[in-house]
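Read through the structure below, which is laid out as structure tokens, and then see the notes.
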Ligand code: ADP
Ligand code: ADP
């Protein structure tokens, strides 16, 4: 069964048709890269998966469960939506860290507030997640004392500490200086190798070609091709 099943999804911004009958199956334990020109609807589609954007018709199912709606046209109650979102981690272009908290506190905060862990238990899990992204020696640093690449790795640690079943990445390296892109992609690659289900909107064609299991190419709101990276990039 698919981790995420997207069926005939349409999305409008006013009169603008941003997603047109999009069909896509996200296989569990695999990396799906969403590529395509700027403005083609990649971010919109990604945000529909966790219902940060409401889609207007069609279905998105996560592990078989309809996301965002109780029934066609009837939105899900806030509590149920939050429950479903708990299994989905998201990393944005902007890192969105709290400036007054250390790296460890940034990661622990959600575990305390959302998961209800004790401070000690949360900080233990935060330390594990930060070690995993190679920041075991920077846990006490505030964001202002971390590079962009390190800050994005804290954001990834914050997401994986919640033990999501699915990770969504929206252009995670686009705000970084070129020399810092590789360290973030390498952390993502390590997560992929552990079998994390990932959907990644990216302009990093090297990552899409070498790390993705499936590449979906969008153009003007339509998914125009879904295939292996070999087929999409015509690699030998
Ligand atoms: P991509 O991620 O491929 O760059 P987006 O999903 O961000 O594309 O945007 C797709 C289209 O929808 C663009 O033309 C964009 O201008 C439009 N769009 C995105 N968000 C909004 C919004 N909140 N209101 C109106 N139009 C939007
Ligand atoms: P681009 O071609 O967009 O500049 P790169 O080729 O530098 O991107 O690769 C981006 C990321 O993709 C790398 O950091 C690495 O994680 C992964 N990657 C690139 N080439 C390979 C490869 N041959 N084998 C495995 N992973 C690779």
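Would you confirm whether or not the range 70-85 contains a residue that is surrounded by 15 or more Cβ atoms within 10 Å (Cβ to Cβ), assigned to a strand (DSSP E or B) and touching a strand residue (DSSP E or B) at 6+ places or on another chain (Cβ under 7 Å)?
No: the range 70-85 contains no residue that is surrounded by 15 or more Cβ atoms within 10 Å (Cβ to Cβ), assigned to a strand (DSSP E or B) and touching a strand residue (DSSP E or B) at 6+ places or on another chain (Cβ under 7 Å).
List pairs: first residue in the range 41-67 and farther than 16 Å from residue 201 by Cα, second residue within 12 Å of ligand 1 (Cβ to nearest atom) and in a strand (DSSP E or B) anywhere in the structure, Cβ distance under 6 angstrom, at least six positions apart or on different chains.
Close Cβ pairs (under 6 Å, with a partner that is within 12 Å of ligand 1 (Cβ to nearest atom) and in a strand (DSSP E or B)) amount to 55/11; 56/11; 56/12.
With the condition kept exactly as written, say whether any residue in the range 40-63 is surrounded by fewer than 15 Cβ atoms within 10 Å (Cβ to Cβ) and at positive phi.
no
Looking for something within 16 Å of ligand 1 (Cβ to nearest atom), within 16 Å of the chain's Cα centre (by Cα) and either within 26 Å of residue 186 (Cα to Cα) or without any contact (Cβ under 8 Å) to a residue 24 or more places away in the chain (or both) - is there at least one such residue anywhere in the range 77-90?
The answer is yes; a qualifying residue exists.
Would you check if residue 45 is closer than 27 Å to residue 184 by Cβ, within 15 Å of ligand 1 (Cβ to nearest atom) and part of a strand (DSSP E or B)?
When the stated conditions are applied, residue 45 does not pass them.
Counting just the residues of the range 136-161 that are outside any helix (DSSP H, G or I) and surrounded by fewer than 18 Cβ atoms within 10 Å (Cβ to Cβ), which one comes out nearest to ligand 2 (Cβ to nearest atom)?
Of everything passing the filter in the range 136-161, 147 is nearest to ligand 2 (Cβ to nearest atom).
Return the pairs, sorted by first residue and then second, in which the second residue is within 16 Å of ligand 2 (Cβ to nearest atom) and part of a strand (DSSP E or B), the first residue lies in the range 18-37 and is at positive phi, the beta carbons are less than 7 Å apart, and the residues are 6+ apart or on different chains.
If the second residue must be within 16 Å of ligand 2 (Cβ to nearest atom) and part of a strand (DSSP E or B), the pairs left are 36/217.
Would you please name the residue that is surrounded by the most Cβ atoms within 10 Å (Cβ to Cβ), looking only at residues in the range 114-135 that are in contact with a helix residue (DSSP H, G or I) (Cβ under 7 Å, 6 or more places away or on another chain) and outside any helix (DSSP H, G or I)?
For the range 114-135, the residue satisfying everything is 133.
When you go through (1) at pLDDT 95 or above; (2) not in a strand (DSSP E or B) one by one for residue 25, which number turns out not to apply?
(2)
Sort out which residues of the range 26-51 are more than 12 Å from the chain's Cα centre (by Cα), more than 16 Å from ligand 2 (Cβ to nearest atom) and under 19 Å from residue 164 (Cβ atoms), and write them in order of number.
26, 27, 28, 29, 51
The values are calculated or read from the model by the stated rules, or taken from the named source; none is laboratory data. Please read these numbers as outputs of a predicted model, since none were measured by experiment. Heads up, the Cβs are rebuilt from the backbone with ideal geometry, glycines too, and the neighbour counts pull from every protein chain shown.
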